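This report refers to the structure that appears directly beneath it.
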Amino acid sequence: MTRSTTDATGAALNAGPGGLPGRIRGVATSLTSSLSGSAALTIGLGLIAVHVVLAVLAPWIAGHDPVATDSTVALTGSTWTHWLGTDQYGRDILSRTLNGGRYALLVTFLATTIAVGIGTVLGCITAYADNWFDEVVMRIVDALLAVPSILALLVVVTVFDSGLWVIVLAVTVVYAPAVTRVVRGAARTIITQDYVTAARARGEKPLSIVFREILPNVMDVVLVEYAMRASWIVLLISTLSFLGFGANPPTPDWGLMVQENRTALTVAPLGALAPIVALATLVIGLNLSADGLSKSLGIDRAQKGAVS
Amino acid sequence: MSSAPVSTSSPVDAPPDTVVHVDDLSISYAAGRRDVPVVRGVSFSIRPGRALGLVGESGSGKSTVARTLLAHLRRGSRIVGGRVTVAGSDVFALGDRERRALRGGTAALVAQNAGQALTPSMRVGRQLREALESHGLPGGHERVLELVRHVRLPDPETIVERYPHQLSGGQQQRIAIAMAIAARPRLLVLDEPTTALDVVTQAAVLELVRDLSVELEMAILLVSHDLGVVSAMADEIAVMRDGVIVEHRQTAELFADPQHEYTRELLASAPRTSATGLSAERGGGRASAPPPPLVTAADLVVRYARSLPPAVDAVSFAIGAQETLAVVGESGSGKSTLATAMAGLIPAESGTFTFRGDDGIEGDLTRPVARRSLDLRRSVQLVFQNADTSLNPRRTVGAAIARPLRLFTGSTSPDRVAELLEEVGLTPDFASRLPAQLSGGQRQRVGIARALAAGPELIIADEITTALDVRVQAGVLDLLTDLRDEKGLGCLFISHDLAVVRGVADRVAVMTGGRFVEIGSTEDVFSGPNHPYTRQLLDATLDPGTTVLRGVDDTTRTWRDADGWDDLGDGHRIRRWESA
């Protein structure tokens, strides 16, 4: 089985040395092989996929405007028109939950991608540089890591208001240092490998070594890091909204919904429970993916090695 | 095939005088849903005080068989048929408690890498005491010291106070042996016990094991890929291939008259220090018309840090075009540092080091690679020891070769990549494979193709065959020799193995402690007279078929450096020395 998988990868890469379509197909092949091997990864990615699909289709399946108030139907239980009931202003909870997912996913995706992207590149570069640049960057990283993330975010949001990009950038500043540190550690083990020495002996430029030789080989660490950071960031953003520093009312947001509907928990419990369940499933999905990825990528490598 | 001296009868009771009796053993390994047989119908037995050598290439199943004697099976494998009897009991029928008593008690294992077999955070003495006490033996200080003396380590009192990392590889392996014999086992299983050691240390450790087996009446199973080691140690040899013993005979008989085709092939590909032929005639032809040197080094000093002693100390040599200079020495002798300095990965501290190519490319090799010209970088190419780590696992073979092509020649085409692959004995379809899909030998060929892609005049080969099986090694060495002749490449060939060097080198330099002690044509160095260090290396090298171990002392140095060199003519020079 392993042999056929790797052969398929090889065949996919046949498209040409370094050809981008070939490489994407190669990644897809190895992803399907990872999926078949790990239940955690399948469930995790499944949960994330459900969330993404629901978020994308939210306007069409929700049936109600998430911010439209209707005081005649405030705090109903679940009814045929409002499946999950309404909140104190008569807004449809299902619609708010679904639309809240759009916001959560968008911010998480942007913040995680930027934070992990910056952290990865910086981690590889500092690992390879191993000179004053490395020292300076890592001391800054240490300083940033020493600041409690929620405090830093509160300050930023208070000063700059809570627009989407403010939150995204603030989260980036908070999480990029941690990613830098992790990736730097992984990259340092890669640097001792002979193929990096070979590239140095050829006289390749440092950036070319970082992007051709080091970066592709830390991608597994980066993927796991991505899934893990994403789950933390989802929680962090919801926490911010819950505390009243994130999304402004009446934006449909999970943290904000929990905060708004928490007082009505005994009357209309679904108002707080629905966003909690949504948030929990997304975080579980991300965590399971991180777990499954780290396992299957590790095993994947060992198996490929065993083929030889 | 005059095979197995053990008959397939005697199914239940092992012959009374044998310690080990393996009867028709078959093991298979579950890969996905398939069962892959890894060992098929293996039978042998070993009597006390006798040694059986199990020889084969990696993947032949020899280690799997050896580990069954300790009732150990790799996860996922299972016994399909047959039985393994050690000291009268079927090891796979034992209960947990009895199995623990067997391991380390009746049968002990010495693994390849002693550094990993010892606990790094525990003093050696305490580990030995544990080995004793875990088998219910008194673990007094005297008893521990006695064990250390038994494995001939000098100054036992200080040795037992040390941590494993404070010991040399040879000392670690001796401690591992001491732990193994602590409970007076009746069987000692040695799995590639000396592969990680220098030749001199190897010879001394093997001699120790040999003596211990006689003294303690132990049966020995020696697993090795090295025919020289096995022939010096074992009374009988079993040759394994693909899980089957293809030939099993007395050692002398096997070497005198190998029956199976595979055995003959193995013997033919094993390098020997006593070999003649190829390099002799080449050397002679060359001496008449010496080509101008490609690389000249004079008083070269390389140092890793100012506070450390130089790793390469005042070394002078020259490599001519189309000439292979081999540098031989034990680990830590500075030979790899020399290669690294030549590749420009560490700058030389002082001395001159110049490159003068055929087509007018000149350069200063003391400079780091970043300050060398493109032409100079192109002309000097490096092939690595470990082909597993020298290729980027995420890039195809084609991409690995195309990269230097683009960098040095400015253009790359699939045709040129295919051409290079064919030059190193591979087929063009390898271009689309990933390194993980290649065998060790194939990877090393790709490494050579990558070096050739640049169009070099000089190749630095740093222990390039150390990780390879003998037959594969022979192939790679042949390739290197052919390329040198066809393309007129100069080559700096670094190796710890004199036998390998004999087949490929025109000239040999022997290095120890950062200095050359002898340099000369291959013939001269192998025929002597020699520097005492060279002599020691030559004595310690085990040719396949040697059945005696020449007593080699790896602990004391019998000479010290004196000033100046003795010139024996024909470029054969020996550093002066005095007895110490």
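Only the coordinates and a few stated rules stand behind these numbers; no lab work does. This is a predicted model, so every value here is computed, not measured. Cβ: placed from backbone, ideal geometry, glycine included. Neighbour counts: every protein chain shown.
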Computed FRET efficiency, Cβ-Cβ of A:Ser78 and A:Ala280, R0 25 Å: what is it to the nearest 0.05?
0.80
Cross-link reach from A:Lys295 to aspartates and glutamates, straight Cα distance under 19 Å and at least 8 residues apart if same chain, gives A:Asp220, A:Glu225
For the range A:54-293: relative contact order, % (alpha-carbon pairs under 8 angstrom, 6 or more apart)
25
Which whole-number percent is the relative contact order of the range A:203-302 (Cα, under 8 Å, 6+ apart)?
32
Based on the Cβ-Cβ distance of B:Leu145 and B:Asp299, what FRET efficiency does E = 1/(1 + (r/R0)^6) give at R0 = 35 Å, to the nearest 0.05?
0.15
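How do A:120-126, A:73-79 rank on mean C-beta neighbours within 10 Å, highest first?
Per-residue mean Cβ counts within 10 Å order the peptides as A:120-126, A:73-79.
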Per-residue mean of C-beta atoms belonging to partner chains within 10 Å, peptide B:432-439:
6
B:Arg47 and A:Thr189 label points (each 7 Å along its Cα→Cβ direction) are spaced in nm at 5.0
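Using the Kirkwood radius over Cα pairs, work out the Stokes-Einstein diffusion coefficient for the range A:54-293 at 4 °C and 1.567 mPa s, in µm²/s as a whole number.
In µm²/s, the coefficient rounds to 66.
Counting trypsin sites (Lys or Arg not before Pro) as exposed when in a DSSP loop with at most 10 other beta carbons within 10 Å, what is the longest stretch of chain B free of them? Mind dumping the intermediate values first?
Values: sites that count: B:Arg33, B:Arg75, B:Arg306.
That gives B:307-580 as the longest site-free run.
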What is chain B's relative contact order, in percent, from Cα pairs under 8 angstrom and six or more apart in sequence?
15
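Determine the shape class of the range A:150-220: with a ≥ b ≥ c the square roots of the Cα gyration tensor eigenvalues, call it rounded for a/c under 1.5, and otherwise prolate if a/b is greater than b/c, oblate otherwise.
prolate
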When the convex hull of its Cα atoms is projected in every direction, mean area for the protein assembly as shown (nm²)
44.9
Working only with C-alpha atoms, what are the Rg and Dmax values of the range B:390-484, expressed in angstrom?
12.5, 38
Report the Cα-based extents of the range B:107-255 along its three principal axes, largest first, to the nearest Å.
46, 30, 25
Using alpha-carbon coordinates, inclination of helix B:440-453 to the longest axis of chain B, degrees
10
Give me a single rounded figure for B:377-390: the average over its residues of other chain Cβ atoms within 10 Å of their Cβ.
3
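Going by how many other beta carbons lie within 10 Å of each one, how would you line up A:Glu135, B:Glu349, B:Glu323, fewest first?
The most exposed by this proxy come first: A:Glu135, B:Glu349, B:Glu323.
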Out of residues 5 or more away from B:Gly53 or on other chains, whose amide H comes under 5 Å of its own, with H placed 1.01 Å from N in the peptide plane?
B:Leu222, B:Asp235, B:Glu236, B:Ile237, B:Ala238
Phi-derived 3J(HN,Hα) across the range B:183-195 with the Karplus relation (6.51, -1.76, 1.60, θ = phi - 60°), rounded Hz, x for Gly and Pro, is 8, 6, x, 8, 9, 10, 9, 10, 9, 6, x, 10, 4
Relative exposure of B:Ser224, B:Ser269, judged by other C-beta atoms within 10 Å (fewest first)
B:Ser269, B:Ser224
Could you calculate the contour length gain from A:Asn131 to A:Thr266, that is, 0.36 nm times the residue separation minus the distance between their Cα atoms, to one decimal place in nm?
42.6 nm
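When you have a sec, figure out the Kirkwood radius of the range B:164-241 from all distinct Cα pair distances and drop it here in Å to one decimal?
Computed over Cα pairs of the range B:164-241, the Kirkwood hydrodynamic radius comes out at 13.0 Å.
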Projecting each Cα onto the charge dipole of the protein assembly as shown (Lys/Arg +1, Asp/Glu -1 at the beta carbon, about the Cα centre), which of A:Leu207, B:Val517, B:Leu376 comes out farthest on the positive side?
A:Leu207
Compute the distance in nm between two label points, each set 7 Å from the Cα along the Cα-to-Cβ direction, one at B:Asp17 and one at B:Ser121.
5.0
Taking only Cα atoms of the range A:121-171, the Rg to Rh ratio with Kirkwood Rh works out at 1.13
Please list 3J(HN,Hα) in residue order for the range B:136-146, calculated via the Karplus relation 6.51 cos²θ - 1.76 cosθ + 1.60 where θ = phi - 60°; whole Hz, with x for glycine and proline.
x, 9, x, x, x, 4, 4, 5, 5, 4, 4
Simple spin-label estimate for B:Thr547 and B:Leu137 in nanometres, 7 Å along Cα-Cβ:
3.2
Tell me which GluC sites (Glu not before Pro) from the range B:169-229 have a DSSP coil assignment and no more than 16 other beta carbons within 10 Å of their own.
B:Glu217
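Summing -39500 (n - 2.57) over the DSSP H runs of n ≥ 4 in chain B and dividing by its residue number, what mean residue ellipticity at 222 nm do you reach, to the nearest 500 deg cm²/dmol? Could you put the intermediate results ahead of the total?
Working: 22 runs with 200 residues, N = 580.
After summing the helix terms and dividing by the residues of chain B, the value is -10000 deg cm²/dmol.
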Rg(Cα) of chain B divided by 2.2 N^0.38 Å?
1.03
For the range A:78-94, what does the Karplus curve 6.51 cos²θ - 1.76 cosθ + 1.60, with θ = phi - 60°, yield as ³J(HN,Hα) per residue in whole Hz, taken in order and with x for Gly and Pro?
7, 10, 5, 8, 10, 4, 9, x, 10, 9, 5, 9, x, 7, 6, 5, 4
In degrees, nearest ten, helix B:124-133 long axis to first principal axis of chain B (Cα):
20
Theoretical FRET efficiency, 1/(1+(r/R0)^6), r = Cβ-Cβ of B:Arg184 and B:Arg75, R0 30 Å, to 0.05
0.45
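Between B:Asp211 and B:Glu265, what length in nm is gained on full extension when 0.36 nm per residue of separation is reduced by their alpha carbon distance? Working shown, then result.
On the way: separation 54, 0.36 × 54 = 19.44 nm, distance 3.13 nm.
Between B:Asp211 and B:Glu265, full extension yields 16.3 nm more.
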Which three numbers, in whole Å and largest first, are the semi-axes of the equivalent ellipsoid of the range B:119-184 derived from its Cα gyration tensor as √(5λ)?
17, 12, 11
Using alpha carbon coordinates only, what is the Rg to Rh ratio of the range B:307-433, with Rh defined as the Kirkwood radius?
1.00
